[in-house]
Amino acid sequence: MIPALALIVGVVVGLVFEPSVPTGLEPYLPIAVVAALDAVFGGVRARLDGIFDDKVFVVSFVSNVLVAALIVYLGDKLGVGGQLSTGVVVVLGVRIFGNVAAIRRHIFRA
Amino acid sequence: MTDPTPDDDAVTEAITVPLPTPAPATRAPAPRSPASPEADDPPAVGEPDATGRELVPARAVRPEAGGPSPAHRRPREASRRLWMKVTVVALCALLGVSLAAQLRRNEKDGALAGARQEDLVRILDELDSREQRLRAEIAELQERRRTLSSAAEGSQTVQEDLERRSEELGILAGTIPAEGEGLRLVFRPGSSALGAELILDAVEELRGAGAEAMQMGGRTGSPVRIVAATAFLDTENDHLLVGNHDLSGPYTLLAIGDPETMRAALAIPGGVVDSVEDAGGKLQIDAPDPVTVTATLSPATPRYAEPVD
């Protein structure tokens, strides 16, 4: 409950104060956000499964973000940044869909 | 924000704490068993799978490790868990902020600010080629405009040419008024009227001396423009019929041309002046400036003649 509130508060704060994104991080922010969303949906699912663990969530959140950014960074260095970030987004999107499906089964029993 | 956090945390802890401590052995396999039948999407579910896997050793280790000194373990464990919760909350807040920032950035400066280098290069290339296309188009349109305006200028010169030519022809044909330096001849008859032959001689003489436009007026009758086709006729009442106009003396002949040449032409021995004096009349010549020929003829439309191309 608190994390969800924190998420909402964060969105409001971001909308109100419009923080500027550091130029170096700009290309990685969208991917990082998607990766973090994946971690959040995974966390919600784990919570509904009754196996939520804060440490696992923190570790998976941070590692998801870092790995996603690293892949994109590497792709940029290799000259396939566009394709790799598309690939990362696709993989994360598939995972998010899977997690959301599980959440849906939990909530609606369907 | 800081005040409610510990309370709520306590609440969540109260909810979550029962999970590990009372029945670690039953709880740990419990999520696993529903997870495996439910795993119709196993590759996508790396997350909870991982959690499940990591949970088992953690729970399994804890009772063994906590065996010797559970009293020492518990507070440190609790503070660590509290820190983890705080981190979770902080991460969620961070995600919210970056989500909002990303949304803002995307709608503010479009896609360009976040685009990567190769995309920017491609966009730049496209813009370059588009610029070249547009430049070529501009050059083409300018060229066309130049052509059109020069054509317009050409047609304007042609039109001016035509107007000037039509004026010249109009003066020669007597269809438009004319003015310029020239002579005014007044034929004053003596005892007998001056014949048409004499007037015609004078006209021919003036024409020969370069008169360009002439008109003949009398005491009565409107003035007549004299052109190549003008006829002179004596009438029975000593009047003169000039181009179907009945004129009575004294006659005034206006001629536009070089005054000196015409004066000399009239004054040659046996010329017009002598002839008029012989006929008992008097010719008065002066040179008003300008001589204005106002009488005009309506142009005759040729019925039979057609221009040859």
2 or more residues in contact with a Pro (Cβ under 9 Å, 6 or more places away or on another chain) and under 16 Å from residue B:180 (Cα atoms): qualifying strands (runs of 3 or more DSSP E) within the stretch B:204-309
B:213-217, B:251-256, B:291-293
Taking the stretch A:2-28 and the residues there that are more than 7 Å from every other protein chain (Cβ to nearest Cβ) and outside any helix (DSSP H, G or I), the one that is surrounded by the most Cβ atoms within 10 Å (Cβ to Cβ) would be A:28
Only one of these is without any contact (Cβ under 8 Å) to a residue 40 or more places away in the chain and over 30 Å from residue B:216 (Cβ atoms): B:145, B:164. Name it.
B:145
Scan the stretch B:192-209 and report the pairs whose first residue is in the same structural domain as residue B:233 (by TED's automatic domain parsing) and crowded, with 18+ Cβ neighbours inside 10 Å and whose second residue is in a helix (DSSP H, G or I) and charged (D, E, K, R), with Cβ atoms within less than 7 Å and a gap of 6+ or a chain change.
none
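The values are calculated or read from the model by the stated rules, or taken from the named source; none is laboratory data. Remember, it's a predicted structure, so these values are computed and weren't measured experimentally. Cβ coordinates were reconstructed from backbone atoms using ideal geometry, including for glycine residues, and neighbour counts include every protein chain displayed.
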